[in-house]
Each structure stands twice: as C-alpha cells, then as structure tokens.
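Below is one structure, written out as structure tokens; comments come after it.
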Amino acid sequence: LSHWKSIFLAMLIGAAIFGAYHTFLLKPSYQADASIYITSTDSMISFSDLQLSAALTDDYANIIKSRTVLNRVIEELDLNLDYRALNSLVSVTNPDNSHIITITVSCGDMELCRDIANSLMNIGLERIYQVIGSSEPTIIDFSEAESVEEITPSLAKYLAMGLILGMVLACGLVCMIYLTDTTIKTEDDLKKYLGIPVLSIVPYYEEKEE
C-alpha cells in the first residue's frame, strides 16, 4: 500500500503507451464472411440424407482450407502470400453443428477480405464436387462490401489492457523488491536474522521548525 503512487503512475504510463499504439500504429482490421448450406439438392430429402450431410460437413470444411484450394485462390487473386499465410487469415466454421459452413476472412483490407471469401467459396465448392462427386452445396450468402465488418479492438479496450499490464508489472516489481530486501528494519529482524537481543531502542525524533 505504501507504493500505491508508483503503482498508479505505472498504470497511467501503461495506458498512455497502449493508447498511443492504438492511435498511431495499429492498423484497422476487417472481417468478411460467406456461407454455404450442405445437403442434397433433390426435392425429396430423407433423414439419411440429412445424416450424411452432417457427417460430410467437417470434410467439406477441410477441403475448403486445403492447400490446393488456397493455392488456387492465391493464383486467381494474384496475392503476395503463400498458402500458409493465407490459411492463417481464413476460418471455416460450422455454427451450432448445423448444415451451414461459414467462411470467414480477416485482414487489413476491406475489399481483399471480400474477394478472398468469395474466391475461396467458389473454388472450394468446385473442389468439393471434384473430390466427393455428389451434388454441390448451396450458396447462402456471398460476401458483399456492405457486410464487411471492422473488427479493430476499441481504444477503451487498449486503455484497459495498458492499465492492467501497468498495475501487474508495478505490483510484481514491488513484490520482488520486498521479497529480496534483506536490510534490518525492526528489532524483530535483529532477533530473526542475527540472533542478537535488543537491549535498547532510540526513538526517532524529528525537530519541528519554528
């Protein structure tokens, strides 16, 4: 508690650093998505068809993120990336274990996010038909410019992170200093560390100015 001023100052410094980083250095990030529906295109769909579609959902997701599909997307859009870098930008999910697959792309360019999501969906559907040979999944949503969302963390979140990090570091430093401090401060320390009995105590007296 005696170091609360230092801890508070460290919190302010941490918040200032994180706030400056968010304002001047952090680049905006965007997210685009496209979705497809996995089931038979026949007019009559049986229960076994739905079970098969559910079983194939994970396979379809893996095909969409396969090296072959990613490389074709890179070639089609003339991206300056390898398939590993593109793979890190892409997420293929199956919300609530449904028959829907959502392709999500996150990067720092709004139009590029949209183009990658649409290209990945189109090439992925073509590849799924080549590999599995059944009817192609149905497209639910293309990625459109107005649906692309900015996902850059807010300034308030960065300020909170700076405050917390500053507090943790300052408290850690205070604890480390306290635990490594071997100086003698009280009569109990004399008995504990040196085994010397206390014969007398001279109180500290601060003379007041007149």
Considering every Cα-Cα pair within segment 117-210, what fraction, in whole percent, is farther apart than 14 Å? 83 percent
In deg cm²/dmol, rounded to the nearest 500, the helical mean residue ellipticity at 222 nm of the chain, built from -39500 (n - 2.57) for every DSSP H run of length 4 or more, is -16500 deg cm²/dmol
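Leu169 to Asp78: FRET efficiency via 1/(1 + (r/R0)^6), r the Cβ-Cβ distance, R0 41 Å, to the nearest 0.05?
0.35
Taking only the C-alpha atoms, wrap a convex hull around segment 77-124 and report its volume per residue in Å³ as a whole number.
Working: hull volume 4.2 nm³, N = 48.
Cα convex hull per residue, to the nearest whole number: 88 Å³.
Take the eigenvalues of the Cα gyration tensor for the chain, scale each by 5, and report the square roots as semi-axes in whole Å, largest first.
On the way: eigenvalues 810, 96, 45 Å².
The three semi-axes for the chain are 64, 22, 15 Å.
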Taking the highest mean first, how do the peptides 195-204, 168-177 order by number of other beta carbon atoms within 10 angstrom per residue? 168-177, 195-204
Name the long-range amide H neighbours of Asp109: under 5 Å, sequence gap of 5 or more, or other chain; modelled H, no Pro or chain starts. Tyr30
At 0.36 nm per residue, and after removing the present C-alpha to C-alpha distance, how many nm does the segment from Leu194 to Met176 gain when stretched out fully? 4.2 nm
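Each reported figure results from applying straightforward, stated rules to the coordinates on display, with no laboratory input. Everything numeric here is computed off the predicted structure, so don't read it as measured data. Note that each Cβ is placed from the backbone with ideal geometry, even for glycine, and that neighbours are counted across all protein chains shown.
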